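Heads up: the structure comes next, in structure tokens.
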Amino acid sequence: MAEPAAHGRLTAMRQPASSDPRKQLVESGYDRIAERYLAWAAAIDDPGRARMLDLLLERLPRSGDVLDLGCGAGVPSTVRLAERHRVTGVDISQEQLRLARERLPEAELVHADLASVEFPDASFDGVTCFYALGHLPREQLGAVFRSVGGWLRPGGWFLTSLACGDQADASDEWLGVEMHFSGYGPDRNRELLREAGFRIDVDEVVPLHEPEGTVTFHWLIATPAAED
């Protein structure tokens, strides 16, 4: 079990966060391109991300507890969350977390695979995951959604962006490193989230303008459905 760090600390493991070679590809890739990725991300036109975060913030209690899965270097979304909430960030890349520590001095940061990290039930008012689940082997999405549902307090909210294309495990060159990608289309994304016990409140396919061109992501804001 990967426990959250003490307040303002970074919990890091010396060994890789996962034994899965697909995830090791993601970990080593993001470690190698940490600074380069920051510069690339700064050139992205991404109004959808800011708007979706606004919608989430409207739903969260002020000064609540928020978990950011795949937090990376913490910008821009995790920094915004930390302005109003107590933030725990999880990332598979130690180099990304090193950069995040510079921007998030009060956050708890955990080096772990987001699909296997553990937290006590009802630990968070909100859980976010920005663009990270497209690197996860898609057969693990349902289990991640079920974990998130358990970590949320009653009335809590989950905000995530998911792939729009139906793609099984793929390894491609990306920003000068080999990277793993995987995902389903929107219909299957919705199905998995509902199967995990969520009610979907916001459901949009939104374009993202990267330096290389425009891509689309499936954005969802959901809350655990009330039991009958």
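For segment 143-165, the tally of residues that are small (Gly, Ala, Ser) and under 20 Å from residue 182 (Cα atoms) stands at 5.
Is it true that residue 139 is more than 24 Å from residue 190 (Cβ to Cβ), among the charged types (D, E, K, R) and modelled with pLDDT of 95 or more?
no
Taking each residue of segment 25-54 that is in a helix (DSSP H, G or I) and looking for partners that are aromatic (Phe, Trp, Tyr) and at pLDDT 95 or above with beta-carbon atoms closer than 6 Å, six or more apart or interchain, yields 52/219. The set of residues from segment 216-227 being over 15 Å from residue 129 (Cα atoms), surrounded by 13 or more Cβ atoms within 10 Å (Cβ to Cβ) and among the aliphatic types (A, V, I, L, M) comprises just one member, 225.
Here's the yes/no breakdown for (1) free of Cβ contacts under 8 Å to residues at least 24 places away in the same chain; (2) assigned to a loop (DSSP other than H, G, I, E, B):
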position	(1), (2)
56	no, no
66	no, no
73	no, yes
79	no, no
82	no, no
89	yes, no
97	no, no
110	no, no
116	no, yes
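Of all residues in segment 74-82, none satisfies being within 16 Å of residue 148 (Cβ to Cβ) and surrounded by fewer than 24 Cβ atoms within 10 Å (Cβ to Cβ). For segment 195-214, filtered to residues that are without any contact (Cβ under 8 Å) to a residue 24 or more places away in the chain and farther than 22 Å from residue 57 by Cα, the residue that is surrounded by the fewest Cβ atoms within 10 Å (Cβ to Cβ) is 213. Where strands (runs of 3 or more DSSP E) fall wholly inside segment 143-216, the ranges with 3 or more residues that are at negative phi and in contact with a Leu (Cβ under 9 Å, 6 or more places away or on another chain) are 152-163, 177-183, 198-210.
In this structure, residue 163 qualifies as in contact with a Phe, Trp or Tyr (Cβ under 7 Å, 6 or more places away or on another chain) and farther than 20 Å from residue 21 by Cα.
Within segment 119-144, the set of residues being closer than 24 Å to residue 80 by Cα and surrounded by fewer than 18 Cβ atoms within 10 Å (Cβ to Cβ) comprises 122, 123.
The values are calculated or read from the model by the stated rules, or taken from the named source; none is laboratory data. What you see is a predicted model, and the numbers here were worked out from it, not measured in a lab. Methodologically, a virtual Cβ is constructed for each residue, glycine included, from the backbone with ideal geometry; neighbour enumeration extends over all protein chains shown.
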